[in-house]
Amino acid sequence: MAQTEKSKLPGQVAAVREFNRFYTARLGLLRKRHLDGVFSLTEARMLYEIGARPGMNASMLRATLDLDAGYISRLLGMLTRRRLVRQMVSKTDGRERLLTLSPTGERAVARLNELSDLQIQELLANLPVDERSALVEGLMKVHQILKTAKNDSVRIVRLIKASDAALEILHEYYEAVKVVQRDEPESLQKLIDAPASGMWMAYLREEVVGCVVLRKLASIPRAGECKRMYVKPLARGRHIADLLLDAQEEFARKAGLEWIYLDTYDDLKPAIAIYDRRGYERCERYNDNPQATLFMRKNIRG
């Protein structure tokens, strides 16, 4: 950092802190109960996140809110005892508990959303139209800047040589999803070297937290297959799956592929939701994977 920029930093820190003091008081965030209701701000935010992403687990919630695991666990226990949250054992990984709102929890979140909307409407209603637009645009800009800074800590790297780290995360994926047809370790380097194929790994700082594999399909012209897409529970909520799939699709286009196929099974609903959102469509069975119940494909040239 240049000396002139360093000299500006104390004033910038002071400005951010001053704004933090202002908006936490202005929005009532310092009160014991959020929106003068029965929940703390943290409890209300947890209920909102679970309602927005049903089926998430505690690790995903922790990553989203950047809170201590023990604190998250204690609050989840309390919300569960109050019959606001339900915890169900995952069918694909017995170590995980999937979180959903109970009907009581859904009503509570609906009420919180209503009160929050009214609070913000009152705030905006007192501003002239041009100032209101400037405020919203400024907040969107701040959000984008801070979001980008957070995601910068995630790196996507295409593997050049087979490594122990790659084998370890593939093994974790096999165990989490209970994969029957597993690749042999010695076949990984062959995959990496094969035309229009490869493996990508996601790093959060220096830790491998995700992976995805692309394998060129011999049975379908100009097509590849997306395999082994996985993100560790602790790193979920950072859009790492999208970053991995973005890198895979960009490589596939440059390699001359037109289609990417994949198979999955009905219980993997969070993964299916990602594929749906990214434009994958249902198609006919194209392989003999005994575990697969759903087949999808995407035209990456469209």
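The values are calculated or read from the model by the stated rules, or taken from the named source; none is laboratory data. Owing to the predicted nature of the structure, the values given are computational and were not obtained by experimental measurement. All Cβ positions, even for glycine, are placed from backbone atoms using ideal geometry, and neighbour counts span all protein chains on display.
Quick look at the values:
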{"item": "Matching option when the condition is part of a helix (DSSP H, G or I) and at pLDDT 95 or above, among L123, L61, L135, L79", "result": "L79"}
{"item": "Which numbered condition Y275 misses (of (1) buried (at least 20 other Cβ atoms within 10 Å of the Cβ); (2) modelled with pLDDT of 95 or more; (3) of a type in the set (F, W, Y))", "result": "(2)"}
{"item": "Of residues in the stretch 154-192 being among the hydroxyl-bearing types (S, T, Y) and either outside the structural domain of R228 (by TED's automatic domain parsing) or in a helix (DSSP H, G or I) (or both), the one farthest from the chain's Cα centre (by Cα)", "result": "S187"}
{"item": "Selected residue [modelled with pLDDT of 90 or more, surrounded by 19 or more Cβ atoms within 10 Å (Cβ to Cβ), not in a helix (DSSP H, G or I) and not basic (K, R)] from L112, L99", "result": "L99"}
{"item": "Filtered residues of the stretch 254-302 (kept if without any contact (Cβ under 8 Å) to a residue 12 or more places away in the chain, closer than 18 Å to R215 by Cβ and assigned to a helix (DSSP H, G or I))", "result": "K254"}
{"item": "Any hit, the stretch 241-251, residues being in contact with a Leu (Cβ under 9 Å, 6 or more places away or on another chain), crowded, with 17+ Cβ neighbours inside 10 Å, of a type in the set (A, V, I, L, M) and not in a loop (DSSP other than H, G, I, E, B)", "result": "no"}
{"item": "F22 being outside the structural domain of A110 (by TED's automatic domain parsing) and not charged (D, E, K, R)", "result": "yes"}
{"item": "Members of the stretch 156-200 found to be farther than 15 Å from Q248 by Cβ, among the basic types (K, R) and modelled with pLDDT of 90 or more, listed by number", "result": "K161, K190"}
{"item": "Selection count where residues are under 30 Å from the mean Cα position of the chain (by Cα) and assigned to a helix (DSSP H, G or I), scope the stretch 22-46", "result": "10"}
{"item": "Filtered residue count, the stretch 201-217, keeping only those that are farther than 20 Å from I240 by Cβ and modelled with pLDDT under 95", "result": "0"}
{"item": "Near pairs, Cβ below 8 angstrom, 6+ apart or cross-chain, from the stretch 1-26 (within 18 Å of L135 (Cα to Cα)) to any residue that is at pLDDT 90 or above and aliphatic (A, V, I, L, M)", "result": "Y23/L29; T24/L30; R26/L123"}
